[in-house]
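Okay, so here's the structure we're looking at.
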Amino acid sequence: MQSVNGLVGHGALLIALPFIALGIIIVPVAVKRGRRDWLELAYGAVYANFALMTAAALAMITALVTHDFSVSYVAQVGSRETPLFYTIISLWGALEGSILFWAWVLSLYGMLVVAINKSRAGNLVPYAAMTLLAISLFFAILLIGPANPFLNVSPVPANGPGPNPLLQNHILMAVHPPLLYLGYVGMSVPFAFAVGAVLSGEAEQNDWIKVTRTWTMASWGFLSAAIIAGMWWSYEVLGWGGYWAWDPVENASFLPWLTATAFLHSAMVQERRGMLRVWNLNLVVGTFVLTILGTFLTRSGIISSVHAFTTGTIGYYFLAFITIVLVFGGVIVAGSSDRLRSKGKLDSAASRETVFLLNNLFLTAFMLTVLVGTLFPLVAEAVRGVKVSVGGPFFNRMSLPIIAALLFLMGVGPALPWKIASKADLKSKLIPPTVGAVFLAAVALVVGIRDPYGVVVFAFVGYAATANFREFSIGARARRVARGESWPTAFVRLVEGNRRRYGGYIAHFGVFFVALGVAMSSTLRTEHEATLQRGMTMQIAGRTLRLQDIWGREEPQRQVVGATLEIMDGNRVTGTLQPRMNFYRTQQEPVPTPDVRSGVLGDLYLNLMAFRPDGSTATIRAIYQPLVPWIWFGGGVVVFGAIVGGWPTARRRRAPAPVVVPTPPSPPPTREPEYAA
Amino acid sequence: MNWKRATIATAFVLPVAWLFRHGLTQDPREIPSPLPGNAAPQFSLAVFAPGQPPLERPIGDTVRLSDLKGRVVVLNFWASWCLACRDEHAGLSEVARGYAGKPVTFLGSLYQDTPGNGTQWIAEMGGQSYPSVNDPKALTAIDYGLYGVPETFFIAADGKIARKITGPAPPQVVRHILDSLLVTTGSP
């Protein structure tokens, strides 16, 4: 007999299916007959989908928490020994649960899109809702068919194996996947609006781009945070002291990030100059296709990766879906491209448009490079029947010049005006950043970076950071002169006056931090491995480590062996670190838990590599990597920039006007004021 | 709608779909092993754990693969620090006892471990029916391209590797493989 959880969950999924189908069918009929009132039914279907998916997800969480092993997914990932926290988050710990979570996030987005935009005139929102429902339909079919998490297990097992050990070893497992889903699934919304724009004939206007931009910004912020959180997780859990390995699925999360970043920039060109309209449509559709491709790669088992789940027939469902999306996307973009040809023209090579164009060119080239590297093993196997793997050397070599170019452009773009820049303008704009570039290049050489790309990255970050900083300082100075505001007030008001623009610059600063962190930690990493007895010491990057103890403890779900090391400054102990090794019954290899001491300037990273079972010696790998925390901090800054730039302003406009209405900041000469979002 | 352009744009979908469909038929985890079907790498290792009668061999005795020609050899790599080996141990020991008297030799090979730990572990686990040898520098493990422990190799009577099992070897699978190998070699 099926349990209540199983019945509720399975039932909710089954009921959702006809609602979704109904919603999809109603929209075109209602639009064709001009019956706006029928659209309410379609919107009702969107809400129903959200309610039912929520019910299914809650049923699954209840089943997990109550150890209801009659539910197949719980029998697969649950265990009575797993701590409650990891039991709850094992909702996304394996294939079926992650598809359920995906479907729930998608239904949440659908509900939000309709709730926020449904009063909008025209047929953009109805068609967008229809598109989102169509994507939901696919996931609902998966959940009822090959990825059903609510199958009945009989006889009911007394206990289960527990989640994959790697997924129950760190708190970031509660952060990285939901952020990734919010970012990844969120890219469905811009796609839905793009489809809506083409189907409703609004693609020629630029209005849909504005709505789409806000949603893209939100998803992009989530995706940025997810990528950084994933790097952090890999750094904290996998024990290799690295954070990025060009793993196929890391790449899969990075690909849509690149096209979404390109879109956030080129959307500005369309809004201001009416150019790049077909291109923007391409980017939005392409971003969505890349998220589906990423899901396909992760969930079909087609590529070997730490993220891949073992699977059955689900790959073929994804194959069908991805084919439909590609055909549909191709038809939408190519079929409407005639109508969308640009009106505007580039006025000058030295203009902000040009820089955005180059930025898009490089971001797209970056995307294609990573895409080729990721899919090449598939091609090689299909064509020549050989197994190849494309690793770090290819990606690093191909991407470093592109990254350098992008950093450079980040310094040029903000300094150039729209349309055309005068010579004098260029001179005054480009000299201070050059000084910044020389300065940081010198810093790089002084701290010991000898890798040419490391120095180039430092120089370009110096260049771009100066240029971006000047945007703030010049604007704030103008406000001080004009209104007598203090520096902090002037800065805050400046950003408030054009959050979108300054949010972008803030995000740039986040990227600079990440770039410096990556450049430093990858070029100046030192590593030392030693086998120690208690009381023995080892040296790493000018620090002394003393092995104080080797210990073991029994936990319900695992055995833990750890080493306690003291960090010594002369004879003074300044801290202790406890790298551990965890032995799970279900896993052949032990799962390490490295211990890290982070400082502003760098990380001391210890990993327990081996130990004698009698506890007499422990082998410790110590790694010192400068500036690694800057990467996480930079990620935070990027997200902050996205929040500043993307937070909707609509609500504020409706609020009663404040007593003192601040006038917009006086624009610097030769530059038109830009839109607020 | 410009249908001509739309059709052209979607033409590229076909090769992509074909590529993915082909990819789905392959197993990315299956890395071609140079071993099955090829001659098993030779080894010559000293016994540190004697096993139990009737499969017993004296401690210090050197086991050479070349001496085992004509017999099916089950070579199981294990270690005392390996949790999965614990799950596998009782079943494998039991199967080996069942094939006593047939032309089958079971052999454990200790991987990245010391004979002292290994002996203690065997005692803890309640004994092992077949002997185990020590592979001090893991050279044999390297020759066999070991991924991890446990891993079990089946060497046919002609000295070629017939099968291998990664991870704990289920007793019924071991029996099945052995029976088929004994049939094909036309055992007495």
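The values are calculated or read from the model by the stated rules, or taken from the named source; none is laboratory data. Everything numeric here is computed off the predicted structure, so don't read it as measured data. Note: ideal-geometry Cβ built from the backbone for every residue, glycine included; neighbour counts use all protein chains shown.
Within segment A:631-652, the residues that satisfy the criterion of being among the β-branched types (V, I, T) and at pLDDT 80 or above are A:I631, A:V637, A:V638, A:V639, A:I643, A:V644.
When restricted to residues that are without any contact (Cβ under 8 Å) to a residue 60 or more places away in the chain and under 27 Å from the mean Cα position of the chain (by Cα), segment A:430-458 contains 1. The criterion of at least 3 residues that are closer than 20 Å to A:W208 by Cα and touching a helix residue (DSSP H, G or I) at 6+ places or on another chain (Cβ under 8 Å) is met, among helices (runs of 4 or more DSSP H) falling completely within segment A:79-173, by A:95-117, A:124-144.
Would you mind stating whether A:I506 is exposed (fewer than 15 other Cβ atoms within 10 Å of the Cβ), more than 20 Å from A:T354 (Cβ to Cβ) and touching a residue at least 40 places away in the same chain (Cβ under 8 Å)? So A:I506 fails the test. Within segment A:332-339, the presence of a residue that is assigned to a loop (DSSP other than H, G, I, E, B), in contact with a Gly (Cβ under 7 Å, 6 or more places away or on another chain) and either under 20 Å from A:N148 (Cβ atoms) or modelled with pLDDT of 70 or more (or both) is excluded.
Taken over segment B:51-81, the criterion of being assigned to a strand (DSSP E or B) and over 22 Å from B:R97 (Cβ atoms) is satisfied by B:T62, B:R64.
For segment A:489-505, the condition holds for at least one residue, the condition being that it is closer than 30 Å to A:G448 by Cα and part of a helix (DSSP H, G or I). Residues that are outside any helix (DSSP H, G or I) and small (G, A, S) were ranked within segment B:14-46; the one that is modelled with the lowest pLDDT is B:S33. Beta carbons closer than 7 Å, at least 6 apart along the sequence or on distinct chains, pair a first residue in segment A:551-563 that is within 13 Å of chain B (Cβ to nearest Cβ) with a second that is in a loop (DSSP other than H, G, I, E, B) for A:Q557/A:S79; A:Q557/A:E81; A:Q557/A:T82; A:Q557/A:G162. Filter segment A:279-304 for residues that are of a type outside the set (A, V, I, L, M) and within 11 Å of chain B (Cβ to nearest Cβ); which is surrounded by the fewest Cβ atoms within 10 Å (Cβ to Cβ)? Applying the filter and picking the extreme gives A:S304. Hey, does segment B:33-42 have a residue that's within 14 Å of chain A (Cβ to nearest Cβ) and either within 30 Å of A:G330 (Cα to Cα) or touching a helix residue (DSSP H, G or I) at 6+ places or on another chain (Cβ under 9 Å) (or both)? Taking every residue of segment B:33-42 in turn, none turns out to be within 14 Å of chain A (Cβ to nearest Cβ) and either within 30 Å of A:G330 (Cα to Cα) or touching a helix residue (DSSP H, G or I) at 6+ places or on another chain (Cβ under 9 Å) (or both).
Candidates are the residues of segment B:67-126 that are touching an Asp or Glu at 6+ places or on another chain (Cβ under 7 Å) and not aromatic (F, W, Y); the one that is farthest from A:Y584 (Cα to Cα) is B:S109.
Exactly one residue out of A:L532, A:L524 is touching a Leu at 6+ places or on another chain (Cβ under 7 Å), over 20 Å from A:W418 (Cα atoms) and crowded, with 17+ Cβ neighbours inside 10 Å: that is A:L532.
Okay, residues lined up against (1) closer than 30 Å to A:I449 by Cβ; (2) surrounded by 19 or more Cβ atoms within 10 Å (Cβ to Cβ); (3) of a type outside the set (A, V, I, L, M, F, W, C):
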position: A:L577; (1), (2), (3): yes, yes, no
position: A:E589; (1), (2), (3): no, no, yes
position: A:T593; (1), (2), (3): no, yes, yes
position: A:R597; (1), (2), (3): yes, no, yes
position: A:L601; (1), (2), (3): yes, no, no
position: A:L606; (1), (2), (3): yes, yes, no
position: A:F611; (1), (2), (3): no, yes, no
position: A:S616; (1), (2), (3): no, no, yes
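Looking at this structure, is A:D347 modelled with pLDDT under 85 and in contact with a Lys or Arg (Cβ under 6 Å, 6 or more places away or on another chain)? Taking the combined requirement at face value, the residue satisfies it. When the residues of segment B:112-147 are filtered to those that are among the small types (G, A, S) and without any contact (Cβ under 8 Å) to a residue 60 or more places away in the chain, which remaining residue is farthest from the other protein chains (Cβ to nearest Cβ)? Checking each candidate, the answer is B:G126.
Scanning segment A:174-203 for residues that are assigned to a helix (DSSP H, G or I) and among the charged types (D, E, K, R) yields nothing. If the condition is being away from chain A (no Cβ under 14 Å), basic (K, R) and either under 18 Å from the mean Cα position of the chain (by Cα) or surrounded by fewer than 15 Cβ atoms within 10 Å (Cβ to Cβ) (or both), then segment B:43-90 contributes B:R64, B:K69, B:R71.
Checked against the criterion of being buried (at least 23 other Cβ atoms within 10 Å of the Cβ), within 14 Å of chain B (Cβ to nearest Cβ) and modelled with pLDDT under 90, segment A:308-321 contains one or more residues that satisfy it. Residues in segment A:350-394 that are part of a loop (DSSP other than H, G, I, E, B) and more than 26 Å from A:A421 (Cβ to Cβ) were compared, and the one that is nearest to the other protein chains (Cβ to nearest Cβ) is A:K387. Of the candidates A:P613, A:P662, A:P667, the single residue that is at pLDDT below 90, touching a Pro at 6+ places or on another chain (Cβ under 7 Å), part of a loop (DSSP other than H, G, I, E, B) and over 15 Å from A:P579 (Cα atoms) is A:P667.
Within the bounds of segment A:365-380, is there any residue that is under 15 Å from A:Y463 (Cα atoms), in contact with a helix residue (DSSP H, G or I) (Cβ under 8 Å, 6 or more places away or on another chain) and among the hydroxyl-bearing types (S, T, Y)? Taking every residue of segment A:365-380 in turn, none turns out to be under 15 Å from A:Y463 (Cα atoms), in contact with a helix residue (DSSP H, G or I) (Cβ under 8 Å, 6 or more places away or on another chain) and among the hydroxyl-bearing types (S, T, Y).
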